[in-house]
Amino acid sequence: MSSPQTPINGPLRPLSPHLQIWKWSMNMALSIFHRASGIALSVGTLMLVWMLVAAAGGSESYQGFHDFAVSWFGQLCLFGWTGALFFHICSGVRHLIMDTGRMITIPAAEKAGMVIFIVSIALTLGTWGCLKFFY
């Protein structure tokens, strides 16, 4: 049998909350997606480096990159990288606006979050629509 906690044994502390207890909010999702998009941009930049190294290596090495880039998996990677880029930019602009003291309230921040999702999706689809239409 354990003794009750006292200041000698340690203060009484609440148990750590679990994900089942927390209610998901727009601000929580934005924070997680902002971090995830930053990681995706870092990983996706390796494809950009591959392109530059392949271009410097000559036409044969660039052809290997090009074959990957036009494959369905390469297109999926580039589409995801583009989406992460636009989301990260929009979320970064939101952070800059919040640094000025605007959109600090929860309703305003959640409205801005919805705008960020809509604008980043629209920019991604618009960019890829233009690429597919003109090329």
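Just so you know, all these numbers are worked out from the coordinates, no wet-lab data involved. What you see is a predicted model; the values in this text were computed from it and never measured. Quick reminder, even Gly has a Cβ in these numbers, built from the backbone with ideal geometry, and neighbours come from all protein chains shown.
How much net charge surrounds Ala108 when only the other residues with a Cβ under 11 Å from the Cβ of Ala108 are counted, with Lys and Arg +1 and Asp and Glu -1?
+2
Need the full-extension length gain, Trp72 to Leu48, defined as separation in residues times 0.36 nm minus the C-alpha distance. One decimal, nm.
Taking 0.36 nm per residue and subtracting the Cα distance, the gain is 6.9 nm.
How far is helix 59-69 tilted off the main Cα axis of the chain, in degrees rounded to 10, range 0 to 90?
Approximately 50 degrees, to the nearest 10.
Once label points are set 7 Å from the Cα along Cα→Cβ at both Ala122 and Met28, what is their separation, rounded to one decimal in nm?
In this crude spin-label approximation the distance works out to 2.9 nm.
Using alpha carbons only, how many degrees (0 to 90, rounded to 10) separate the axis of helix 72-99 from the longest principal axis of the chain?
50
Label-point separation (nm) for Tyr135 and Ser61, each offset 7 Å from Cα along Cα-to-Cβ?
2.1
For a protection proxy built on the mean count of beta-carbon atoms within 10 angstrom, sort 75-81, 56-62 highest first, please.
My ranking of the peptides, most packed first, is 75-81, 56-62.
Note the angle between two axes, namely the Cα long axis of helix 26-57 and the longest principal axis of the Cα atoms of the chain, as a number of degrees from 0 to 90, rounded to the nearest 10.
Roughly 30 degrees between the two axes.
In percent, what relative contact order does the chain have, based on Cα pairs under 8 Å that are 6 or more apart in sequence?
Values: 63 pairs, mean separation 35.4, N = 135.
Worked out over the chain, it gives 26 percent.
Counting only Cα atoms, I'd like the Rg/Rh figure for the stretch 26-134, Kirkwood definition for Rh.
Working: Rg = 17.0 Å, Rh = 15.5 Å.
Radius of gyration relative to Kirkwood radius: 1.10.
Quick one: order Ile121, Ile116 by neighbouring beta-carbon count within 10 Å, fewest to most.
Ile121, Ile116
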